[in-house]
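Values quoted throughout were computed directly from the atomic coordinates according to the rules given, and no laboratory measurement underlies them. Everything numeric here is computed off the predicted structure, so don't read it as measured data. Backbone-built Cβ (ideal geometry, glycine too); neighbour counts: all protein chains shown.
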């Protein structure tokens with residue numbers, strides 16, 4: 001069967017790709033408009049669809065709260081352990097090295113510096129950490145910025161160096177092409193010259209503002225060395241947006257609140273855990289699969305699925321139960337900060353542009369466990385498709401029906417639909433309260449606010465109906481529509497001051 005689909009994709013490469021590109025946007029618009037046109041012709045079906053969706057949303061909220069709670073407990077336990085002490089007795093610990101790629105473009109040296117300091121503060125021996133500043137050659141002042149950072153941290157690591165990625169024809173400007181260029185140079189310098197042993201080295205892709213837990217690389221070394229399948233693994237910590245949590249506007253804070261909990265919760269959902277944002281993997285694995293692709297914007301899901309299918313489904317993600325803290329988008333003005341968050345959501349939701357390739361691999365790559373690859377693909381497709389849809393069905397669908405089909409409201413179900421839907425969604429308030437507690441207990445004291453600020457924090461969630469539309473549903477819908485129409489998205493660096 002894989003040969004059959006492979007022939008189709010080879011015979012009609014452009015048509016098949018375009019057809020699959022249109023799928024996320026087409027499905028999104030169909031589901032959003034279904035309560036409108038469906039209320040005329042099949043109101044009963046629409047009513048049950050809305051109720052089913054509301055129940056599904058409550059289930060998702062409950063699952064998020066439960067898994068975030070479990071993950072937060074595991075993180076608390078992990079933070080108490082001495083991971084260097086645990087890792088040292090393992091065989092080959094003395095051979096263990098870590099390469100950290102820090103792609104950056106327009107971020108100031110002051111913004112990058114805290115992340116490098118978090119590397120210097122690691123419990124793992126810093127002489128076996130190798131930091132690579134992945135600069136963009138086209139950035140004005142890139143060489144001066146790199147030189148100042150290298151001068152400040154020289155001698156504090158096994159090595160700290162910079163690469164300058166040129167604009168190359170056929171590449172897409174962004175993190176993926178930049179870090180691919182940097183990783184290839186680092187590989188030649190460190191492996192070819194026998195500075196590190198490829199078999200006992202990890203490479204980490206990080207954001208310029210990523211601040212690691214001081215035990216991250218000791219914990220990573222432990223997980224890497226004890227695993228016989230270490231060269232088929234990605235390693236993922238809980239990426240949380242705590243660095244400037246109380247400095248960003250309330251709408252941004254609400255979105256990042258849920259985003260941090262969601263990424264934390266994923267650590268205990270093995271079938272849904274995929275590398276995202278800041279992650280690590282075996283250097284040998286990265287070399288075997290050909291490094292990061294240079295023709296894409298979203299790089300984290302792409303690199304994982306590329307490895308997954310090239311290794312016949314043997315690749316998986318190992319959770320690291322520690323937090324890696326990052327910045328939420330922040331500008332010099334309130335409106336500017338909201339615009340930054342909007343553009344960040346546009347870029348993230350552009351991840352749907354990878355769906356055609358994931359579907360193609362699912363259909364054409366042989367010898368991959370069917371159940372495993374199917375569950376993973378469905379999870380990704382559902383997340384991408386429902387991203388722009390959730391808000392419309394949850395917020396307005398049940399209340400729109402009476403205006404479109406007043407006759408249906410005279411039935412028992414039609415009359416009670418808004419009340420039933422409202423009751424189901426009210427239950428999610430309970431799960432949100434649980435999330436408040438988890439969030440408060442998980443954030444370090446220096447990331448907490450005054451008691452007065454904490455008292456008023458829950459009231460910010462009254463903005464959720466507006467925030468959910470403008471900073472989640474709308475940017476995702478525009479990205480999916482743009483993809484559906486065959487338009488491209490230009491990579492735009494999120495401003496973080």
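Treating r as the C-beta distance of residue 410 and residue 22 and R0 as 51 Å, the FRET efficiency rounds to 0.85. Taking only the Cα atoms of segment 364-497, the ratio Rg/Rh comes out at 1.06, with Rh defined as the Kirkwood radius.
Averaging sequence separations of C-alpha pairs under 8 Å and six or more residues apart, then dividing by the length of the chain, give the relative contact order as a whole percent. Let's see the in-between values first.
On the way: 778 pairs, mean separation 123.9, N = 497.
Normalised by residue count, the contact order of the chain is 25 percent.
Go ahead and run the numbers for FRET between residue 106 and residue 419, Cβ-Cβ distance against an R0 of 51 Å, rounding to 0.05. Computed FRET efficiency for residue 106 and residue 419 comes out at 0.50. For segment 115-173, the alpha carbon convex hull comes to 90 Å³ per residue, rounded to a whole number. Between segment 78-143 and segment 318-343, how many Å separate their Cα centres? Their Cα centres are 20 Å away from one another. Once the cut-off is 15 Å, how many percent of the Cα-Cα pairs in segment 27-90 end up in the long-distance tail? Everything past 15 Å amounts to 70 percent. With distances taken between every two different alpha-carbon atoms, segment 230-351 has a Kirkwood hydrodynamic radius of 15.6 Å. Write down the percent of antiparallel bridges among all DSSP beta bridges whose residues are both part of segment 83-333, to the nearest 5. Here the antiparallel bridges make up roughly 25 percent for segment 83-333. Applying 0.36 nm per residue to the separation of residue 51 and residue 168 and subtracting their alpha-carbon distance, the gain on full extension is 37.0 nm. The orientation-averaged shadow of the Cα convex hull for segment 281-405, equal to a quarter of the hull surface, comes to 12.4 nm². Beta-bridge orientation, the chain: approximately 25 percent antiparallel, per DSSP, counting only bridges with both partners inside. Percent of Cα pairs in segment 1-134 per distance bin of 5 Å, from zero to the largest separation: 2, 7, 8, 8, 8, 8, 10, 12, 12, 12, 8, 4, 2, 1, 0. For the listed peptides 292-305, 369-382, 130-143, 40-53, a ranking on the average number of other beta carbons within 10 Å per residue, highest first, reads 292-305, 130-143, 40-53, 369-382.
Take every Cα pair under 8 Å whose residues are at least 6 apart in sequence, average their separation, divide by the length of segment 83-333, and the relative contact order is 26 percent. Spin-label point model (7 Å from Cα, Cβ direction): what's the residue 77 to residue 137 distance in nm? According to this spin-label approximation, the distance is 5.0 nm.
Extension gain residue 314-residue 427, at 0.36 nm per residue separation less the Cα-Cα distance, in nm?
On the way: separation 113, 0.36 × 113 = 40.68 nm, distance 3.97 nm.
Length gained, residue 314 through residue 427: 36.7 nm.
Treating r as the C-beta distance of residue 246 and residue 90 and R0 as 60 Å, the FRET efficiency rounds to 0.90.
Could you rank the peptides 350-360, 171-181, 193-203 by their average count of other C-beta atoms within 10 Å per residue, with the highest value first? Write down the numbers at each step before the final one.
On the way: 350-360: 21.3, 171-181: 23.3, 193-203: 18.2.
Ranking, from highest mean packing down: 171-181, 350-360, 193-203.
Each stretch of four or more DSSP H residues adds -39500 (n - 2.57); spread over every residue of the chain, this sum gives -17000 deg cm²/dmol at 222 nm.
I need the fraction of alpha carbon pairs in segment 83-333 separated by more than 33 Å, rounded to a whole percent.
Of the Cα pairs, 13 percent sit more than 33 Å apart.
Over all pairs of different C-alpha atoms in segment 281-341, the reciprocal of the mean inverse distance, the Kirkwood hydrodynamic radius, equals 14.5 Å.
Each principal axis of the Cα cloud of the chain was evaluated for its coordinate range; sorted largest first, these ranges are 78, 64, 46 Å.
Below 8 Å between Cα atoms, with a sequence gap of 6+, how large is the relative contact order for segment 263-314 in percent? Working shown, then result.
Numbers: 24 pairs, mean separation 16.4, N = 52.
Worked out over segment 263-314, it gives 32 percent.
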